[in-house]
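Below is one structure, written out as structure tokens, with a few remarks after it.
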Amino acid sequence: MYRVLFLGDVNGPQAADYVSSHLWQYRNDNKIDFVVANAENCAQGNGIDREQTGKLLAGGCDILTTGNHVFKKMMAKDMLDENDDIIRPANYPPEVPGVGYTIRRTGKFSILVINVLGVVMMEPLDNPFRTVDKILSATAGKYDISLLDLHAETTSEKNAMAHYLDGRVTMICGTHTHVPTADERILPKGTAYITDAGMCGPDESVLGLTPECIIEKLTKNMPVRFILSDNPVTAHGLMTDIDETTKKAVYTQTIAF
């Protein structure tokens, strides 16, 4: 059995510190072979930076995915061109720095990791369904196991993608909303799926922020300064067991540590 862990949006430096301090022990205790985490909010004020992504990669993450905040920091352009340990949504224009997928060899398996951005109530990028089709076609025969981070706003777009790719991708994890959903399951053709893996951040918060600033925003309808909550962090994600012969998901469960 091959075990993959996907971690939801790492929300701020405090969460990056927590994950990097606890992940290796969690990997060892649970015999996890490969870890992917969404890091698009790991820097202070959203986006990615070298310090926080460096912590996550050194702390036990094999690949970092991102989302609509990936270019919030100017340094992201150079970071994405430096290596493919950090990927950005593949449906950005091809001239944009970085890559939208990568293949990693770990032990006896090669793993394809794809990152796409939903377009319903999000950025007007290329069609994510067609983007994934093109990547799967271009990489056919070059990998054993595949994982898709679908960074999207609506549950309908995520569910539609899940059924569209069932049996063609090993694991599909939705991200972006920071709230874990209760629909983790193995789809009929062997794909592990969850609509949203949640976040690595403080549970006692509003999507990782202090409730007070969000309440002020929603009650007064005026601009406010978003403040990261300093309450204790919990890491949320989806862990999936994959049959080494069929390369299909056979068991999946949400985790928190």
For Arg130, indicate whether it is part of a strand (DSSP E or B), open to solvent by 30 Å² or more (accessible area, probe 1.4 Å) and free of Cβ contacts under 8 Å to residues at least 12 places away in the same chain. no
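Please go through the range 18-44 and give me each residue that is of a type outside the set (A, V, I, L, M) and free of Cβ contacts under 8 Å to residues at least 40 places away in the same chain, ordered by number.
First pass over the range 18-44, keeping only residues of a type outside the set (A, V, I, L, M): 18, 20-22, 24-31, 33-34, 38, 40-42, 44.
Those that are of a type outside the set (A, V, I, L, M) and free of Cβ contacts under 8 Å to residues at least 40 places away in the same chain: Ser21, Trp24, Gln25, Arg27, Asn28, Asp29, Lys31, Cys42.
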The strands (runs of 3 or more DSSP E) lying wholly within the range 1-117 that contain at least 3 residues that are open to solvent by 30 Å² or more (accessible area, probe 1.4 Å) are 101-106
Of the residues in the range 98-136, how many are under 18 Å from the mean Cα position of the chain (by Cα) and polar (S, T, N, Q)? 3
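Quick one: in the range 133-179, of everything that is of a type in the set (Asp, Glu) and under 20 Å from Gly67 (Cα atoms), which residue is surrounded by the fewest Cβ atoms within 10 Å (Cβ to Cβ)?
In the first step, residues of the range 133-179 are kept if they are of a type in the set (Asp, Glu); the result is 133, 144, 149, 153, 157, 166.
Filter again for under 20 Å from Gly67 (Cα atoms), leaving 133, 149, 153, 157.
Details: Asp133: 14, Asp149: 31, Glu153: 17, Glu157: 20.
So, considering only residues that are of a type in the set (Asp, Glu) and under 20 Å from Gly67 (Cα atoms), the one surrounded by the fewest Cβ atoms within 10 Å (Cβ to Cβ) is Asp133.
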Regarding Thr210, is this residue at pLDDT 95 or above, buried (at least 22 other Cβ atoms within 10 Å of the Cβ) and out of contact with any His (no Cβ under 7 Å at 6 or more places or on another chain)? no
One residue is enough: does the range 196-204 have a residue meeting the conditions crowded, with 22+ Cβ neighbours inside 10 Å, under 23 Å from Ala160 (Cα atoms), of a type outside the set (Asp, Glu) and more than 17 Å from the chain's Cα centre (by Cα)? no
Mind listing whichever residues of the range 221-246 are touching a Gly at 6+ places or on another chain (Cβ under 9 Å) and farther than 23 Å from Thr175 by Cβ? Asp243, Thr246
When both residues are 6+ apart or on different chains and their Cβ atoms are under 9 Å apart, which pairs have a first residue that lies in the range 52-72 and is modelled with pLDDT of 95 or more and among the basic types (Lys, Arg), and a second that is outside any loop (DSSP other than H, G, I, E, B) and surrounded by 19 or more Cβ atoms within 10 Å (Cβ to Cβ)? Lys55/Ala16; Lys55/Val19; Lys55/Ser20
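The values are calculated or read from the model by the stated rules, or taken from the named source; none is laboratory data. If you're wondering where the values come from, they're calculated on a predicted model, not measured in any experiment. When we count neighbours, we look across all protein chains shown, and the Cβ atoms used for this are built from the backbone with ideal geometry, even at glycine. What goes into the accessible areas is simple: the full protein's heavy atoms, side chains included, and nothing from ligands, DNA or RNA. Shrake-Rupley method; radii C 1.70, N 1.55, O 1.52, S 1.80 Å.
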